[in-house]
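Remarks on the structure that follows.
The values are calculated or read from the model by the stated rules, or taken from the named source; none is laboratory data. Just so it is clear, the structure is predicted and the values come from calculations on it, not from any experiment. In this analysis, Cβ positions are derived from the backbone assuming ideal geometry, glycine residues included, and neighbour counts consider all displayed protein chains.
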Ligand SMILES: NC(=O)c1ccc[n+]([C@@H]2O[C@H](COP(=O)([O-])OP(=O)(O)OC[C@H]3O[C@@H](n4cnc5c(N)ncnc54)[C@H](O)[C@@H]3O)[C@@H](O)[C@H]2O)c1
């Protein structure tokens, strides 16, 4: 129960990594606010947490709308009180190189996958600095660290998330910690539709020779959200089965 007494807000938590983190945070004793554009999925996550004896609520949220992030923070404060962990995790992108990518796709990607991280962090850090401090977690990617062909706008967003995390970490230590989680290949619905032979090729290129389950990322996130990680801030933690080798 390493998160007992903590209140955790997590975006993009109807599915994949966010879902696994929400479930793990609750299992570790936190009260959790599940936020997503997918209402049915978000409510199902809350139902699963409550059935297991945990505490959670769902707030329908489109993170690309700052007013909806304001409403998310307000709901968390009104329902549970002092928010101590804010985890930006939602993403949207179309994966293309810069020639093929349209300006509209770029704007869409950045709005959901970078600007929302900045605005969510802004309101959460403002609250935390005025109260009892806290932790900002940002789901980044191995692509925050290296160039992979065909991911122009996504890579811009993921690089920006790591820089955002560093800037919050140095500006607001020691009261607020900020940590980026940089996953490699994690088996989630985000990969639905990718041909099986491509998936096998990716797995073969990873030293661990497999993709990870979202629960493995959630175990890392629960540690980073906890007081045991008090000396970790303004940085990214890579979880990639050795893919980057750094
Ligand atoms: N799966 C991987 O291999 C992998 C690797 C590196 C990084 N990541 C990162 O992990 C995070 C989670 O990805 P995932 O693989 O679990 O994906 P996923 O598709 O399973 O989940 C993404 C969630 O974001 C939600 N979402 C999309 N747009 C939204 C919006 N405007 N407002 C609110 N919610 C919105 C979706 O409804 C969905 O529930 C993302 O930031 C992604 O970039 C994933």
*residue 100 versus (1) under 25 Å from residue 156 (Cα atoms); (2) within 14 Å of the ligand (Cβ to nearest atom); (3) free of Cβ contacts under 8 Å to residues at least 24 places away in the same chain: which is the lone unmet condition?*
(2)
_residue 11 within 19 Å of the chain's Cα centre (by Cα), farther than 19 Å from residue 215 by Cβ and either surrounded by fewer than 18 Cβ atoms within 10 Å (Cβ to Cβ) or touching a residue at least 40 places away in the same chain (Cβ under 8 Å) (or both)_ = no
*Among what's in the range 112-154 and is touching a strand residue (DSSP E or B) at 6+ places or on another chain (Cβ under 9 Å) and part of a loop (DSSP other than H, G, I, E, B), pick the residue that is nearest to the ligand (Cβ to nearest atom).*
141
*Taking the range 215-231, which residues are more than 11 Å from residue 184 (Cα to Cα), touching a strand residue (DSSP E or B) at 6+ places or on another chain (Cβ under 8 Å) and surrounded by 16 or more Cβ atoms within 10 Å (Cβ to Cβ)?*
216, 220, 221, 224, 225, 229
*If we keep just the residues of the range 34-59 that are within 9 Å of the ligand (Cβ to nearest atom) and in a strand (DSSP E or B), which is farthest from residue 3 (Cα to Cα)?*
36
_Here is a check on your reading of the model: is residue 83 away from the ligand (no atom under 15 Å from the Cβ) and closer than 22 Å to residue 165 by Cβ?_
yes
*asked:* I'd like the full set of residues that are more than 11 Å from the ligand (Cβ to nearest atom) and under 18 Å from residue 223 (Cβ atoms), limited to the range 10-33.
replied: 23, 24, 25, 26, 27, 28, 29, 30, 32
*asked:* Any residue that is near the ligand (Cβ under 10 Å from one of its atoms) and touching a residue at least 60 places away in the same chain (Cβ under 8 Å) - is there at least one of those in the range 66-73?
replied: yes
*Name the residues in the range 43-59 that are closer than 21 Å to residue 121 by Cβ and either surrounded by 24 or more Cβ atoms within 10 Å (Cβ to Cβ) or modelled with pLDDT under 95 (or both), would you?*
none
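For (1) modelled with pLDDT under 95; (2) more than 14 Å from the chain's Cα centre (by Cα), each residue gets a yes or a no:
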residue	(1), (2)
136	no, no
155	no, yes
158	no, no
161	no, no
176	no, yes
194	yes, yes
